[in-house]
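The block underneath contains the structure these notes are about, expressed in structure tokens.
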Amino acid sequence: MQINLKHQPAYSFAIVTLTGGEKVKVEPGSMVSYSDGVTVETKAEGGLMGGLKRMVAGESFFQNTYEAPASGGEITLAPSLPGDMMVMEIGGGEFMLQSGAYVANEMGVVTDAKWGGAKGFFGSGSLVLLKVSGQGKLLAACYGAIEERVLQPGQKYTIDTGHIIGFDGSIKFEVKRVGGWKSTILSGEGLVCQLTGPGRVLMQTRSEGAFVSWLIPKLPKSSN
């Protein structure tokens, strides 16, 4: 499977080229188009429990699997929000992916839900994560642009939960308040995630939660 990214970083678009009989798993709603002969199968990945675990992780209960005909084919993908996309090579370790960042993966890649803590789930930005493992390409998306940090062993780094794309499985994490309760309530930051290295951390430059908080007061009020 080959993935070519275009129109980065604001309106990223992925062209996935498949060889004959090759398959790719895609999050529902991400497909833009596909070539003649490509077929799709929709099912709950991992059965009922697998589908429920994906819902807990903020993803769709069902997942689509696209298969190319013998002559090969292509499928194009795009995220729901404006922003960048990236292709990650999974192999030899785990990666924790934030809910909503998942777009597609090769068949050798395995995704599983991992609870990020009640504080994260009920906070301004959820930290319910997908545990990604196996072997192959993973296509992920973000809101805004992608910023990377590499933490050394024991190094601590704090990120607003709404700005996390994901991090290596070697990183330890804890969801906590910003300072005391006063800061948590009045600072506009809500909950943060303290990460401890070693490993790579990926952040997005915009937050869906922050955008919604900005937008709601500007919506027209009902006259009733």
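The values are calculated or read from the model by the stated rules, or taken from the named source; none is laboratory data. Fair warning: this is a prediction, and the values are worked out from it, not measured in the lab. As a convention, Cβ positions derive from the backbone with ideal geometry for all residues, glycine included, and neighbour counts pool all protein chains shown.
Quick check, is residue 213 at negative phi and modelled with pLDDT under 75? In short, no. For residue 153, the conditions (1) modelled with pLDDT of 95 or more; (2) touching a strand residue (DSSP E or B) at 6+ places or on another chain (Cβ under 8 Å) all hold with the exception of (2).
Scanning segment 77-103 for residues that are of a type in the set (Ser, Thr, Tyr) and over 20 Å from residue 1 (Cα atoms) yields 80, 99. Under the condition of being part of a strand (DSSP E or B) and under 20 Å from residue 82 (Cβ atoms), the residues counted in segment 149-166 number 4.
For residue 174, the stated conditions do not hold, so it cannot be described as at pLDDT 85 or above, under 15 Å from the mean Cα position of the chain (by Cα) and either closer than 29 Å to residue 103 by Cβ or in a helix (DSSP H, G or I) (or both).
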